[in-house]
Amino acid sequence: MAEKKLMYGNHAIVEGVIAAGCRFFAGYPITPQNEIPESMSVRMVDEGGVFIQTESEIAAINMLFGAAAAGKRAMTSSSSPGISLMQEGISYIAGADIPVLVVNIVRGGPGLGNIAPAQSDYYQSTRGGGHGDYFTITLAPNSAQDLYEFPKLAFELAEKYRNPALILADGLLGQMMEAVEFSFEPIDPKSLPEKEWALCGCKGRERRVVRSYDLKQGRLEELNLRRAEKYTTIRKDEQRFKDEYCDDADLVVIAYGTSSRIASAAVRMARQKGLKVGLLRPITLWPFPTDVLADMSKRIENFLVVEMSCGQMIDDVKLATECRSNIHFHGRPGGGVPIPSEILEKIEAVLGGAR
Amino acid sequence: MKKIFSRPEGLTDTLMRYCPGCGHGIVHRIVGELLIELDIRERTVGIAPVGCSVFADEYFNCDMIQPPHGRGPAVSAGIKRARPECIVFSYQGDGDLASIGTAEIIHAAARNENITVVFINNAIFGMTGGQMAPTTLPGMKSTTSQKGRDVRKQGYPMKVCEMLASLDGPYYLERCAVDTVKNVIKTKKALKMAFQNQLDDKGFCLIEVLSMCPTGWGQTPVQAKKWIGEVMSAYYPLGVYRDRSKEAK
Amino acid sequence: MPEVKILDEVCKGCGLCCDDVCPVDILILAPDRINSSGYHPAMITDMEKCKACGFCYMVCPEPAIEVYK
Amino acid sequence: MTKEIIISGFGGQGIVSSGIILAHAGLIEDKHVTFFPSYGAEMRGGTANCSVVISSEPVASPIVATPDVVIIMNEPSLARFEMAVKPGGLLLYNQTLIKSKPKRKDITVMPIEANVLAEELGQGRIANMVMLGVFAKKTGLLSLRTLKNAQRKRYKKANDEQLALNDKALEKGYGLFGNSK
């Protein structure tokens with residue numbers, strides 16, 4: 001086992017991105033993710049990569065568009081309002097089928113909101129986020145270890161499907177310190193294969209064009225239908241989740257990211273009290289782990305969705321369970337973070353009521 | 001008999017969809033020639049803007065990318081920094097560069113990004129139907145300034161070369177025009193310098209080209225070229241606004 | 001002897017090459033010819049005067065002009 | 001075994017550093033740890049606090065609502081965290097700066113003249129190290145040697161003189177009370 005190092009979540013991302021063979025970062029300061037560009041400005045340069053502090057999030061996402069269209073692994077990080085500004089670019093990038101990584105350390109919204117941890121960007125992340133028919137692969141880490149490992153996974157998925165990928169974390173995960181094990185061999189960027197679509201000069205080949213538009217009659221419809229097939233494949237093959245104590249559960253708590261950590265503590269407390277409670281933690285938010293939930297809903301009567309928002313993922317839970325189960329909700333919006341005992345109370349209320 | 005002037009290999013065979021007398025075609029032809037003359041076609045990535053020249057990605061015979069409106073300089077910077085061996089040019093109109101993309105062009109210039117910007121100033125939004133642009137002259141009519149641009153309500157035009165010349169960053173800035181043979185030749189010389197500077201790793205170069213938009217201006221092509229000489233270039237004086245190779249001496 | 005070819009189907013009849021461009025003034029828009037796009041293409045009136053300077057080519061936005069020498 | 005700890009005081013008292021040192025120490029002793037600071041605007045308001053969890057199991061929630069131990073460095077922090085301590089828990093407080101007396105009877109309360117002791121050693125700002133020494137002794141959770149190693153992981157750029165002084169402050173705190181709880 002490799003040595004473990006105590007790291008901030010935001011620093012774990014930086015190391016994970018570099019270990020994933022990415023050598024291009026462009027971004028703009030915003031709390032609570034500033035440790036990422038700060039650390040990148042040193043680490044990226046140390047590793048011979050590119051670090052640019054841009055004039056805006058708009059410029060940052062478009063620099064990514066350029067660097068990634070040139071065939072390089074490229075990433076940016078921001079927090080909620082900054083991600084909103086990037087949506088135009090993300091839409092173009094999705095429309096041009098270019099893989100990039102965008103990290104969102106979510107904070108309270110809407111508007112300027114606050115800088116406390118929140119999960120209120122779920123819709124924005126899982127419904128495309130910008131204009132047009134598209135989806136972004138969305139991963140939800142819940143530990144510093146995940147923050148180290150997910151950039152590699154995100155780049156692999158993004159490149160496999162030629163699609164933007166998001167990592168959706170929050171201020172708590174970013175600001176928290178935990179032990180990180182450098183669990184994989186760092187990737188040498190030179191070892192990554194050249195992409196057959198990359199813009200790098202047309203020497204010895206036909207020229208290439210990267211674009212998101214097509215004005216020929218009916219052509220965009222064709223392109224979008226083809227992209228829809230890609231999304232169907234991703235939905236079928238890439239659902240990821242973790243479950244705890246679900247086999248005999250009377251109630252399953254569903255939570256991702258920070259909420260899933262707190263819910264996990266609540267579930268353990270409930271088990272100590274003899275309550276048959278499990279936890280389902282979606283790791284991919286898009287594609288949502290619909291299949292396991294559909295299956296569970298055939299035997300489990302009650303689900304409790306816990307989110308740091310007024311309720312967004314709950315829609316996907318309802319869709320997946322197709323009204324077969326009772327869906328309960330506990331939400332803390334605006335930067336509120338639940339504590340295990342309040343989730344336990346909710347669990348007890350549901351199970352008490354169910355009996 | 002030898003062919004001495006003809007469509008350069010730096011352009012594709014696709015016929016251009018611009019209106020009759022549009023200046024875009026002249027500038028396209030010049031860039032297409034330079035891709036061959038400087039032997040850079042096979043290592044160049046071009047940026048097509050949003051606007052009439054959105055179709056530029058079909059016309060330049062090199063790798064091309066089409067970014068969001070105004071973001072050409074940022075996309076260019078991304079490509080150039082990711083692949084410094086590539087020659088990158090951002091082709092942009094005035095709505096794209098001087099309106100929605102003002103921040104991107106100023107900061108690319110301030111950072112002295114080693115890119116070449118071809119800036120077409122025709123004083124109007126062409127593709128969307130002749131609306132007022134940031135470069136529309138005082139008193140000039142457009143579909144959103146139908147009684148003529150009233151500077152008290154609609155403000156003054158942006159002089160991009162003058163504005164960028166106030167920054168320390170840019171390496172080379174020149175304003176040209178394509179209204180006369182002489183000016184077309186000068187435009188080519190300026191653009192050649194701008195690409196050569198990139199090859200020599202000198203940094204940010206922008207060539208502004210006053211260019212005819214007969215349709216948007218409600219003029220014939222011949223009237224339009226005369227209007228550049230008589231009116232437009234009086235407001236936007238031609239010339240070199242920054243040449244750091246001279247400053248260094 | 002120099003020769004100028006106007007690509008009739010490429011020309012949009014803008015007339016830029018016909019106005020104060022040619023030193024020997026041999027370009028006009030063909031008054032009685034229309035191409036498939038509906039434009040009167042440019043034409044040469046007296047090829048023998050041509051000096052192959054290429055000015056017409058330089059101001060042509062298409063470019064629809066080829067010059068041979 | 002899981003110990004949930006909150007450390008609270010004002011900016012400049014080494015609150016965040018103390019939390020990180022505890023987390024390092026836990027890791028050195030092969031335990032699972034999380035450290036979570038208050039951050040941003042709240043920090044600039046003058047108060048700083050952080051949560052540390054040290055456990056033999058993977059840590060579920062990094063959020064500490066009912067701490068086993070609190071280390072209180074200033075007056076406002078006492079008001080804020082005294083009532084949160086788990087019954088039977090431990091409250092260490094910096095008696096030099098805190099004039100109020102804790103009211104809880106169901107927890108162990110230990111006043112420590114942290115600033116006085118630190119100044120005796122020659123540096124008021126190492127009061128936090130004195131508190132960590134007491135913490136190690138009273139909880140038996142971490143050895144003194146581990147804490148000395150851990151502070152070196154936190155203060156990578158400190159000179160030997162400062163590190164030695166920090167060690168002394170840890171020892172001072174560790175030696176204040178004869179037997180571990």
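The values are calculated or read from the model by the stated rules, or taken from the named source; none is laboratory data. No experiment lies behind these values; they were computed from the predicted model shown. Cβ coordinates were reconstructed from backbone atoms using ideal geometry, including for glycine residues, and neighbour counts include every protein chain displayed. Each accessible area value is taken on the protein alone, full model and side chains, heavy atoms only, with ligands, DNA and RNA left out. Shrake-Rupley method; radii C 1.70, N 1.55, O 1.52, S 1.80 Å.
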Those residues that are part of a strand (DSSP E or B) and open to solvent by less than 20 Å² (accessible area, probe 1.4 Å), I need them from segment A:1-41; list them, please.
A:Leu6, A:Met7, A:Phe24, A:Phe25, A:Ala26, A:Gly27
Cβ-Cβ below 8 Å, separation at least six or inter-chain, first residue in segment B:1-17 and more than 7 Å from chain C (Cβ to nearest Cβ), second loosely packed, with under 15 Cβ neighbours inside 10 Å and not in a strand (DSSP E or B): which pairs?
B:Pro8/B:Ile36; B:Glu9/B:Ile36; B:Gly10/B:Ile36
When B:Pro84 is run through (1) modelled with pLDDT of 95 or more; (2) in a loop (DSSP other than H, G, I, E, B); (3) under 21 Å from B:Ala177 (Cα atoms), the failure sits at (3)
For segment D:156-179, enumerate the residues that are of a type outside the set (Ser, Thr, Tyr), open to solvent by 60 Å² or more (accessible area, probe 1.4 Å) and touching a Leu at 6+ places or on another chain (Cβ under 6 Å).
D:Lys168, D:Lys172
Within segment B:60-77, how many residues turn out to be under 15 Å from A:Tyr92 (Cβ atoms) and open to solvent by 10 Å² or more (accessible area, probe 1.4 Å)?
2
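Which residues, taken from segment A:81-90, are open to solvent by less than 10 Å² (accessible area, probe 1.4 Å) and either polar (S, T, N, Q) or facing chain B (nearest Cβ under 7 Å) (or both)? It would help to see each step written out before you state the result.
Initial filter on segment A:81-90 (open to solvent by less than 10 Å² (accessible area, probe 1.4 Å)): A:82-83, A:86, A:89-90.
The one that is open to solvent by less than 10 Å² (accessible area, probe 1.4 Å) and either polar (S, T, N, Q) or facing chain B (nearest Cβ under 7 Å) (or both): A:Gly89.
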Among the residues of segment A:213-222, is there at least one that is in a helix (DSSP H, G or I), open to solvent by 20 Å² or more (accessible area, probe 1.4 Å), within 23 Å of A:Ala96 (Cα to Cα) and more than 14 Å from chain B (Cβ to nearest Cβ)?
yes
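Looking at B:Val231, B:Val240, which is the one that is within 16 Å of B:Leu137 (Cα to Cα) and not basic (Lys, Arg)?
Only one candidate passes the filter, namely B:Val231.
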Neighbours by Cβ (under 6 Å, 6+ apart or cross-chain): first from segment B:30-46, within 13 Å of chain A (Cβ to nearest Cβ) and without any contact (Cβ under 8 Å) to a residue 40 or more places away in the chain; second of a type in the set (A, V, I, L, M) and surrounded by 19 or more Cβ atoms within 10 Å (Cβ to Cβ)
B:Gly32/B:Leu11; B:Arg41/B:Leu35
Do we have A:Ile83 as touching a residue at least 12 places away in the same chain (Cβ under 8 Å), in contact with a Ser or Thr (Cβ under 7 Å, 6 or more places away or on another chain) and not in a strand (DSSP E or B) here?
no
D:Ile98 versus (1) among the β-branched types (Val, Ile, Thr); (2) under 28 Å from A:Ala266 (Cα atoms); (3) out of contact with any Ser or Thr (no Cβ under 7 Å at 6 or more places or on another chain); (4) open to solvent by less than 10 Å² (accessible area, probe 1.4 Å): which is the lone unmet condition?
(2)
Filter segment A:167-192 down to residues that are open to solvent by 10 Å² or more (accessible area, probe 1.4 Å) and among the small types (Gly, Ala, Ser) and give me whichever is nearest to the other protein chains (Cβ to nearest Cβ).
A:Ala179
Restricted to segment D:52-87, and to residues that are out of contact with any strand residue (DSSP E or B) (no Cβ under 8 Å at 6 or more places or on another chain) and outside any loop (DSSP other than H, G, I, E, B), which residue is surrounded by the most Cβ atoms within 10 Å (Cβ to Cβ)?
D:Glu75
Going residue by residue through segment A:187-202, is there one that turns out to be within 21 Å of A:Asn62 (Cβ to Cβ), modelled with pLDDT of 95 or more and hydroxyl-bearing (Ser, Thr, Tyr)?
no
Restricting to segment A:296-355, what's the tally of residues that are in a helix (DSSP H, G or I) and either within 14 Å of chain D (Cβ to nearest Cβ) or touching a Gly at 6+ places or on another chain (Cβ under 6 Å) (or both)?
6
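Out of all the residues in segment C:40-69, which are more than 12 Å from chain B (Cβ to nearest Cβ) and loosely packed, with under 14 Cβ neighbours inside 10 Å?
Correct list: C:Thr45, C:Asp46, C:Met47, C:Glu48, C:Lys49.
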Scan segment A:42-78 residue by residue and report those that are within 14 Å of chain B (Cβ to nearest Cβ), open to solvent by 10 Å² or more (accessible area, probe 1.4 Å) and not in a loop (DSSP other than H, G, I, E, B).
A:Val45, A:Val50, A:Phe51, A:Gln53, A:Glu57, A:Ile58
Residue check, B:Asp57 acidic (Asp, Glu) and surrounded by 22 or more Cβ atoms within 10 Å (Cβ to Cβ):
yes
Scanning segment B:1-51 for residues that are among the hydrophobic types (A, V, I, L, M, F, W, C), farther than 24 Å from C:Tyr68 by Cβ and either within 12 Å of the chain's Cα centre (by Cα) or open to solvent by less than 10 Å² (accessible area, probe 1.4 Å) (or both) gives B:Val27, B:Ile40, B:Val45, B:Ile47, B:Ala48
Scan of segment C:3-39 for residues that are of a type in the set (Lys, Arg) and surrounded by fewer than 21 Cβ atoms within 10 Å (Cβ to Cβ), ordered by number
C:Lys5, C:Arg33
Taking segment A:289-304 and the residues there that are surrounded by fewer than 24 Cβ atoms within 10 Å (Cβ to Cβ) and touching a helix residue (DSSP H, G or I) at 6+ places or on another chain (Cβ under 6 Å), the one that is nearest to A:Asp250 (Cα to Cα) would be A:Asn302
